[in-house]
Amino acid sequence: MKWLLIIIAIGVIFFIFRVISKQQLSQLKSTTFKPFKDAVQPKSSVTKVEPLALSDEEQQLFDDVAKLFFEQHIQQQDIEQAEHIEQQFLNKMPSKTDSQIGEFDLGEWCIYWNYRQQSLEYYVGKYGIFYTHVDRHGVEHKAELMKASS
């Protein structure tokens, strides 16, 4: 009976020792190692890696073409000329620039170019012609050529 009590006492001491050592080990891990980041859901601030100089040059090129567009004061209201205007400026823009021509009710139409977060729009509406450009810094530039009232 004495041996049985000694074996039980040794088992209890071993169990207590094991619980205490696990707690100390987990505390040591939490202070030593940084928490694991979820590899499946990366941080949204991770950006696409590409040559910055080329990207900066292309963004500057888009802004330069938009400036040229504003300086030319295009006042074409005929939608038949839309493709010509679109190609005239698209050919000067970065190669990954997207563009489209939109046709709306009441004879209104627009040409829209965009490159990354930049855009340029030429809108012919009922009340005039409107230019809008969002540059590489996110600043919006506008020009309006109003139709004369009849």
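The values are calculated or read from the model by the stated rules, or taken from the named source; none is laboratory data. Keep in mind that this is a model prediction, so the values were computed, not measured. For neighbour counting, all protein chains shown are included, and Cβ atoms are generated from backbone atoms with ideal geometry for every residue, glycine included.
For the range 117-146, enumerate the residues that are free of Cβ contacts under 8 Å to residues at least 60 places away in the same chain and of a type in the set (D, E, K, R). Glu121, Lys126, Glu140, Lys142, Glu144, listed by residue number.
Whether any residue in the range 89-96 is touching a Cys at 6+ places or on another chain (Cβ under 8 Å), without any contact (Cβ under 8 Å) to a residue 40 or more places away in the chain and within 16 Å of Lys67 (Cβ to Cβ) is what I want to check. Checked against the condition, which is being touching a Cys at 6+ places or on another chain (Cβ under 8 Å), without any contact (Cβ under 8 Å) to a residue 40 or more places away in the chain and within 16 Å of Lys67 (Cβ to Cβ), the range 89-96 yields no hits at all.
Please tell me if Glu57 is of a type in the set (D, E, K, R), at pLDDT 70 or above and over 25 Å from the mean Cα position of the chain (by Cα).
Spelling it out, it is not the case that Glu57 is of a type in the set (D, E, K, R), at pLDDT 70 or above and over 25 Å from the mean Cα position of the chain (by Cα).
Among the residues of the range 118-131, those that are hydroxyl-bearing (Ser, Thr, Tyr) and crowded, with 18+ Cβ neighbours inside 10 Å comprise Ser119, Tyr122, Tyr131.
Would you confirm whether any residue within the range 101-123 is among the small types (Gly, Ala, Ser), within 13 Å of Ala66 (Cβ to Cβ) and within 29 Å of the chain's Cα centre (by Cα)? Taking every residue of the range 101-123 in turn, at least one turns out to be among the small types (Gly, Ala, Ser), within 13 Å of Ala66 (Cβ to Cβ) and within 29 Å of the chain's Cα centre (by Cα). Can you confirm whether the range 37-51 contains a residue that is out of contact with any strand residue (DSSP E or B) (no Cβ under 6 Å at 6 or more places or on another chain), surrounded by 10 or more Cβ atoms within 10 Å (Cβ to Cβ), modelled with pLDDT under 90 and among the acidic types (Asp, Glu)? No, the conditions are met nowhere in the range 37-51.
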